[in-house]
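All remarks here apply to the structure that follows.
Each reported figure results from applying straightforward, stated rules to the coordinates on display, with no laboratory input. For clarity, every value in this text was computed on a predicted model and none was experimentally measured. Neighbour counts are summed over all protein chains in view; Cβ atoms, including those assigned to glycine, are modelled from backbone coordinates with ideal geometry.
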């Protein structure tokens, strides 16, 4: 399903939040607050407004957003967007050894930083994801929080671009 920015601009807060609430993992509050910034000229404008909501939030709220993300490679049920993105990276087909490696890395990461490892996995393979996880374990807490926010920006931007079709008729998404 795709929708135009004009259709999004015409929505009331409830419709807007229902449609866009999952763009930021289990955090419909982002969409609800961004609704105030309507009208949006493009998907990029909408995404910028949503990211501003996140960036202007209290640190504790941002950490809660980080914690709403699932572990990569988990066997637990995850939100539809995450499930699709993880399948695309082959994380739903891990061997027992690979699963155990992801499990241990996730546990170490959460113990170190206090939130799950967040990475925009679209277009990546499981080996690249593990490599990124290993490299980022060397970050300071501040570096990793900044990187997690950057990854959320990439993830949410991709999700919005998939959902919103430009209405100019130029075929651009």
May I ask you to sort 105, 1, 11 by Cβ crowding, counting other Cβ atoms within 10 Å and putting the fewest first?
-> 1, 11, 105
Under 17 Å from a label point 7 Å along Cα→Cβ of residue 84: give me every residue in region 115-152 with its amide N that close.
-> 120-124
Which parts of region 114-128 would a label at residue 135 reach, counting a residue when its backbone N lies under 17 Å from a point 7 Å out along Cα-to-Cβ?
-> 117-128
In degrees, nearest 10, range 0 to 90: what is the angle between the Cα axis of helix 141-163 and the longest Cα principal axis of the chain?
-> 50 degrees
Residues 85, 134 arranged by fewest to most Cβ contacts within 10 Å = 134, 85
May I ask you to work out the translational diffusion coefficient for the chain at 10 °C, viscosity 1.306 mPa s, via Stokes-Einstein with Rh from the Kirkwood sum over Cα pairs, reported in whole µm²/s?
-> 94 µm²/s
Fewest-first ordering of 63, 53 by Cβ atoms within 10 Å yields 63, 53
Among 46, 149, 94, whose mean-square fluctuation peaks in a Gaussian network model of the chain (Cα, cutoff 10 Å)?
-> 94
How far is it, in nm, from the label point at residue 111 to the one at residue 166 when both lie 7 Å from their Cα along the line to the Cβ?
-> 4.8 nm
Log10 I(q)/I(0) at q = 0.12, 0.21, 0.29 Å⁻¹ for region 107-171, from Debye over equal alpha-carbon scatterers, is -0.39, -0.88, -1.30
Per the rule of 0.36 nm per residue minus the C-alpha distance, extending residue 104 to residue 142 adds in nm 11.4 nm
Simple spin-label estimate for residue 95 and residue 45 in nanometres, 7 Å along Cα-Cβ | 5.2 nm
